[in-house]
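Notes follow the structure.
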Amino acid sequence: MPNHSDHTDAHLDAQKRRLIYRAVLIVMALSVLCLVFLIVFFCLRSGRHSLCEYNLPRNDALMPADLDRLKEEPYDGALLSMHAPEQFSEKDFAAFRGQRILVTSHSIGTARELSDYLNCIFQSGNPISSLYLCLDPELLWKGADTSRTKWKKSLSKDLYAHIENHPDVAFEILLPYPYIDYWLDFEEEELETVLTVYHTLVNELSAYPNTRIFFPGIEEWLMVNPDNYADTLFDANEIITNKIFLYTFCDAAYQITPVNEDFFWNSLREMWAVEKASPTSYPDLSQWCLVFFGDSVLGNFSGSFSIPGYASGLSGAPSYNYAIGGTSASYRGGNQDFPNTVGTFLSENVTPGENGFQFTPKDADAAYLEDKKLIFIFNYGFNDYFSGAPVDNPMDAYDISTYKGALRTCISKLRDAFPEARCLIMSPTHTALFGNGMEINGQEGDTLPVYVDAARALAEEMDLYFLDNYNDFVVTEETLDDYLSDGCHPNERGRLAIALQLIRFIDDAVR
C-alpha cells in the first residue's frame with residue numbers, strides 16, 4: 001500500500017517549489033524596473049549629450065569616437081557620410097573653403113544614426129555654418145523597410161526637422177557616384193524603383209532654401225574605370241574623392257534640382273539600356289607593361305583618372321608615367337626635357353637581367369613585371385610647337401635641339417637598352433591655342449600639323465607604331481570645348497577618350 005506520509009511530503013515539496021519560483025519572478029521583475037528607472041534617471045541627468053551617449057550602434061567603435069570628437073572639438077561644420085567618409089580631407093575644407101570641418105569616420109547606416117549625429121553637432125555649442133551630408137537614397141529607403149509611410153516619417157523626423165530648425169546652416173547634400181556595375185546589376189523595374197527614391201529625395205530636399213544637392217553619378221569618366229574606386233562600388237579612391245569635392249562643394253558642378261533632374265535620370269536610363277543591350281568591352285592588355293613619356297597632357301594628371309590611369313584600369317596593364325608637364329621632346333634648356341628624362345630613366349629604372357637589361361622601377365614588383373611585354377609610349381609635340389623648336393636638322397639627324405632629332409636620339413637609347421620592347425608615338429591632338437595651331441612660333445618653328453607629320457614620318461623611318469590623335473580622333477576643331485579644359489589639356493572626357501583610343505590601338509595593331 002502507498003505510504004500517506006510520502007504523499008504529504010511530495011505535496012509540501014511542490015508548494016515550496018511554487019513559492020520559490022514566484023519569489024524569483026518577483027525579484028526579476030523588480031530588477032527590470034530598477035534598471036529602467038536607472039536608465040531614465042541617467043538619461044535625464046545627462047542633459048544635452050544624452051543622444052550622443054546612448055543611441056550607439058552595436059559593435060561599432062567608430063561612432064562613439066566620432067561623437068566624442070563632435071562634443072569636444074571646435075569646428076564650423078562636419079561631413080557625415082553613408083559610405084567611406086575617410087576619403088575626404090579636413091585639410092581640403094580648410095584650404096579651399098576656409099572652414100574647420102570635422103570629417104567623421106563611421107559610415108552612417110540609417111536616418112536615425114544621422115539624426116543622432118546632427119543632434120550631437122547642434123548641441124555641441126559650436127557656431128555651425130555648413131553641414132556636408134553624403135546621403136544614399138537607397139540605404140535610407142531600405143532603412144525605412146521600403147515603406148513610403150516609414151520613409152516619410154523617418155526623414156521628416158531625422159533629417160528635414162534639422163534643416164527646418166537651422167535655416168542659417170547650409171546643408172550641402174552629395175548623392176552617390178558608384179561604379180557602373182552598381183546600376184547594371186538592376187533589372188528594369190528595380191532601376192525605376194531606385195530612381196524614384198532618388199527623385200523623391202531630391203524634390204523633398206529642394207523645398208528647403210538652405211540646401212544644395214549634387215549628383216556626379218552619371219559621368220562616364222568616373223563610372224567606367226574600376227580603378228577609380230577603392231574597396232566597394234561606392235567608395236571612390238582619395239584622388240577621385242578630392243576631385244569630386246572640388247567640383248561639387250567648391251565649384252557647384254553637378255548640382256541637381258527639380259528643374260534639371262530629368263536630364264540626370266534619363267542619362268542613367270539611356271546608359272543602362274545601352275550597356276544591358278550591348279555591354280562595352282575593353283581589351284585585355286594584362287600581358288603588357290605601359291611606360292609613358294611626354295609633356296603635361298600626360299604629366300599634369302596622376303592616379304586613376306589620368307591617361308595612363310585609365311589605360312591601366314580599363315585594360316589591366318600596369319602603367320608607369322614618366323611624363324613631366326612643361327617639357328618638350330627637343331632639348332630647350334630644361335633639365336626635364338626628353339633627353340634628360342630618358343637619361344635619368346635609364347640610370348634609375350634599369351638593371352642587368354638574364355636576357356639583357358630589365359625594367360625595374362623603384363615602386364614595382366620586379367617578379368610581377370618579369371613576364372610582361374614592354375611598350376614605350378611617347379606623347380610630345382605641343383611644347384615643341386609652342387616654343388618654336390626646329391622640326392628637324394638636315395645636317396644632323398640626331399640633333400637633340402630639334403623635335404625629330406631628340407625623338408630619334410632618345411628612342412634609339414631606349415631600344416638599345418630594351419631591344420624586345422615596342423615603341424609607339426602618339427601625336428598631339430588639336431588645340432585652340434595659336435590660331436588652332438596654324439600660327440608659326442619663333443623663327444625656326446612651324447605649324448602644329450607639321451610636327452604631327454614629322455612624328456608620323458619618324459615612326460615610318462624607325463619602324464615604330466604611330467597613333468594619330470590629330471587626324472584620326474574625336475578632338476576636332478568643332479569639339480575642342482567638349483574634350484579640352486583650356487584649349488590644350490584634355491579634360492576628364494578627353495583623357496578617357498585618348499586612353500580608349502590607345503588601348504584599342506595596342507590591342508589591334510601592336511604585335
Stretchable slack from S281 to S387, in nm (0.36 nm times residue separation minus alpha-carbon distance): 34.2 nm
Can you flag which of K153/K276; K142/K243; K362/K413; K372/K413; K71/K152; K91/K243 are past 25 Å Cα-Cα? K153/K276; K142/K243; K71/K152
Near R415, within a Cβ-to-Cβ distance under 12 Å, what is the net charge of the other residues, with Lys and Arg +1 and Asp and Glu -1? 0
Rotationally averaged projected area of region 262-365 (alpha carbon convex hull; nm²): 9.9 nm²
Per residue of region 182-189, in order, report the coupling 6.51 cos²θ - 1.76 cosθ + 1.60 (Karplus, θ = phi - 60°) as ³J(HN,Hα) in whole Hz, putting x for Gly and Pro. 4, 6, 6, 6, 7, 7, 4, 5
Taking placed amide H atoms and a strict 5 Å upper bound, the residues 5 or more places from S485 or on another chain that come that close are N491
Pull out the extension gain between D508 and E477, defined as 0.36 nm times the separation in residues minus the alpha carbon to alpha carbon distance; nm, one decimal. 8.5 nm
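Taking all protein chains in place and a 1.4 Å probe, what share, in percent, of the accessible surface of the chain do carbon and sulfur account for?
52 percent
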Measure nothing fancy, just the Cα-based angle from helix 448-462's long axis to the longest principal axis of the chain, in degrees from 0 to 90, nearest 10. 80 degrees
Let's see if you can work this out: charge +1 on each Lys and Arg Cβ, -1 on each Asp and Glu Cβ, no other charges. What is the dipole magnitude of the chain about its Cα centre, in debye to the nearest 20? 2260 debye
Placed amide H near C289: partners under 5 Å, 5+ positions off or other chain: K373, L374, I375
If region 364-511 were replaced by its equivalent ellipsoid, with semi-axes equal to the square roots of 5 times the Cα gyration tensor eigenvalues, what would those be, largest first, whole Å? 26, 22, 12
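At 1.4 Å probe size, with every protein chain present, just tell me what the per residue accessible area of region 339-498 comes to in Å².
Here the per-residue accessible area is 46 Å².
Compute the semi-axes of the equivalent ellipsoid of region 55-194, taking the square root of 5 times each eigenvalue of the Cα gyration tensor, and list them largest first in whole Å.
Working through the eigenvalues yields semi-axes of 26, 18, 15 Å.
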Heavy-atom accessible area of Y451 with all protein chains present, probe 1.4 Å, nearest 10 Å²? 0 Å²
Taking R0 as 30 Å and r as the Cβ-Cβ distance between I440 and N491, the FRET efficiency 1/(1 + (r/R0)^6), rounded to the nearest 0.05, comes to 0.65
Starting with the highest mean, order 392-398, 325-331, 106-112 by the number of other Cβ atoms within 10 Å, averaged over the residues of each peptide. 325-331, 106-112, 392-398
Separation between the A253 and L62 pseudo-spin-labels, each 7 Å from Cα along Cα→Cβ, expressed in nm? 2.7 nm
Obtain the nm distance between the two label points defined at D371 and L233 by a simple spin-label model: each point lies 7 Å from its Cα along the Cα-to-C-beta direction. 3.1 nm
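Set the Förster distance to 60 Å, then compute FRET efficiency between D185 and E461 from the Cβ-Cβ distance, nearest 0.05.
Computed FRET efficiency for D185 and E461 comes out at 0.75.
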Scoring only Lys, Arg, Asp and Glu (+1, +1, -1, -1) among other residues with Cβ under 14 Å from the Cβ of P209 yields -3
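Could you calculate the FRET efficiency of R415 with N260 from 1/(1 + (r/R0)^6), where r is the beta carbon distance between them and R0 is 60 Å, rounded to 0.05?
0.65
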Computed over the chain: longest principal axis from alpha-carbon atoms vs helix 261-277 long axis, angle to nearest 10 degrees, is 70 degrees
Amide H neighbours of T104 under 5 Å, at least 5 residues apart or on other chains, H built in the peptide plane: list them. L79
Compute the signed sum of charges (Lys and Arg +1, Asp and Glu -1) over the other residues within less than 15 Å, Cβ to Cβ, of F264. -4
In cubic angstrom per residue, the convex hull of region 149-242 built on its Cα atoms measures 122 Å³
Candidate values (i) 262; (ii) 131; (iii) 168, label of the one derived for volume of the Cα convex hull per residue in Å³: (i)
Cα axis of helix 4-45 to longest principal axis of the chain: angle in degrees, 0 to 90, nearest 10? 50 degrees
Could you give log10 I(q)/I(0) at q = 0.22 Å⁻¹ for region 75-146, computed by the Debye formula over C-alpha point scatterers of equal weight, without solvent? -0.96
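The values are calculated or read from the model by the stated rules, or taken from the named source; none is laboratory data. Everything numeric here is computed off the predicted structure, so don't read it as measured data. Because the Cβ atoms are built from the backbone with ideal geometry, glycine has one as well, and the counts that use them run over all protein chains shown. We work out accessible area using only protein heavy atoms, side chains counted, and drop any ligands, DNA or RNA first. Shrake-Rupley method; radii C 1.70, N 1.55, O 1.52, S 1.80 Å.
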